[in-house]
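Everything on this sheet refers to the single structure shown next.
The values are calculated or read from the model by the stated rules, or taken from the named source; none is laboratory data. Model, not experiment: these values are computed from the prediction. In this analysis, Cβ positions are derived from the backbone assuming ideal geometry, glycine residues included, and neighbour counts consider all displayed protein chains.
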C-alpha cells in the first residue's frame with residue numbers, strides 16, 4: 001500500500017513541478033512579469049488563494065491562467081493529499097510493525113530460542129557459522145544485512161541421530177496451542193517471512209505429534225523429518241537476525257537481553273558482567 005501511495009505522490013509531484021515551471025515561464029513571457037511576481041501568481045493560483053493583487057491582463061496571459069487553474073489545482077491538491085496520506089500510512093505502519101515485533105519477541109522467548117538451540121546442537125557444520133552469529137552491540141545495519149545474506153547460503157544440515165527427537169516432540173506438543181494462537185493473529189499476515197516460519201514450525205510439530213514411537217523410524221521417514229527440520233532451522237536463523245537488528249535499532253534494553261540469550265554464543269550468560277558489557281558495546 002505504501003508503495004502505491006509513493007508512486008502516486010511521485011506522479012503528482014512531477015506534474016505539479018511541470019505545471020509550475022511552465023506556468024512561471026509562460027506568464028513571464030505573456031505579461032512581462034518578473035520571476036518573483038510570476039512565481040507568486042502561479043503559486044496563489046494553484047493553491048486557489050487568488051488574492052488578485054497580481055493578475056494577467058493580456059489575452060494570452062488569461063488563457064494561460066485558465067490552463068494553470070484547470071491543471072495546477074488538481075495536481076497541487078493531489079500532491080498535498082498523497083503526501084499527507086503517506087505520512088499517516090507510514091505512522092500507522094510503524095505502529096503495526098511495533099506490535100508485530102512484540103509478537104515475534106514472544107515467539108522467540110517461548111519457542112524460537114529453544115528450537116534454535118535444539119537444531120544447532122545437531123548441525124554438523126555449526127562451527128562454520130557460529131562466529132558469524134555472535135551479534136554484538138557494535139554491529140551496524142550493513143553488518144546485519146551481510147551476515148543475513150551469508151547465512152542464507154548455509155544449508156542448515158542436521159543429524160537426527162544426535163538430536164533429541166523425543167524432547168523436540170514433547171516441546172512442540174507442549175507449545176502447540178501457543179503456535180495456533182500465533183497463526184490466528186491477523187497482524188501476522190503483514191509479515192510474510194515470519195508467517196512462513198510459523199507454518200514450518202507448526203508443520204514440524206504436527207509431523208512429530210503423529211508419530212507414536214520415534215525410536216524405530218525407517219531411514220526414509222527420518223529423511224523426511226530432516227527436511228522439515230532444515231526448513232524450520234533456516235527460517236528461524238534468518239528471522240532471528242532480522243529481529244535482533246530491529247531490537248538494536250528501536251529497543252536497546254531488549255537488545256541487551258537478546259545478546260545475553262544468544263543461542264549460538266557459548267560464552268554468554270544472562271547475568272550482566274563488565275567484560276560482557278565491554279564486548280557488546282555497553283548496551
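Data for the structure
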{"item": "Hits in the range 215-235 (condition: within 16 Å of residue 119 (Cβ to Cβ) and either touching a residue at least 40 places away in the same chain (Cβ under 8 Å) or touching a strand residue (DSSP E or B) at 6+ places or on another chain (Cβ under 9 Å) (or both))", "result": "222, 225, 226, 229, 230, 232, 233, 234, 235"}
{"item": "Some residue of the range 201-211 being more than 23 Å from the chain's Cα centre (by Cα) and loosely packed, with under 12 Cβ neighbours inside 10 Å", "result": "yes"}
{"item": "Residue ID - nearest to the chain's Cα centre (by Cα), chosen from residues in the range 18-55 that are surrounded by fewer than 13 Cβ atoms within 10 Å (Cβ to Cβ) and at pLDDT 85 or above", "result": "21"}
{"item": "Which numbered condition residue 117 fails, given (1) touching a helix residue (DSSP H, G or I) at 6+ places or on another chain (Cβ under 9 Å); (2) closer than 24 Å to residue 178 by Cα", "result": "(1)"}
{"item": "Residues of the range 23-51 classified as part of a loop (DSSP other than H, G, I, E, B) and under 25 Å from residue 78 (Cβ atoms), total", "result": "5"}
{"item": "Selected residue (only one of 145, 152 is farther than 20 Å from residue 247 by Cβ and surrounded by fewer than 18 Cβ atoms within 10 Å (Cβ to Cβ))", "result": "152"}
{"item": "Looking only at the range 160-188, and only at residues there that are more than 19 Å from residue 112 (Cβ to Cβ) and modelled with pLDDT under 85, the one that is surrounded by the most Cβ atoms within 10 Å (Cβ to Cβ)", "result": "160"}
{"item": "Segments classed as helices (runs of 4 or more DSSP H), wholly inside the range 119-191, with at least 1 members that are under 23 Å from residue 94 (Cα atoms)", "result": "141-151, 176-183"}
{"item": "Selection status of residue 95, over 30 Å from residue 172 (Cβ atoms) and over 22 Å from the mean Cα position of the chain (by Cα)", "result": "no"}
{"item": "Counted residues, the range 82-101 - those being out of contact with any helix residue (DSSP H, G or I) (no Cβ under 7 Å at 6 or more places or on another chain) and either surrounded by 14 or more Cβ atoms within 10 Å (Cβ to Cβ) or under 26 Å from residue 25 (Cα atoms) (or both)", "result": "1"}
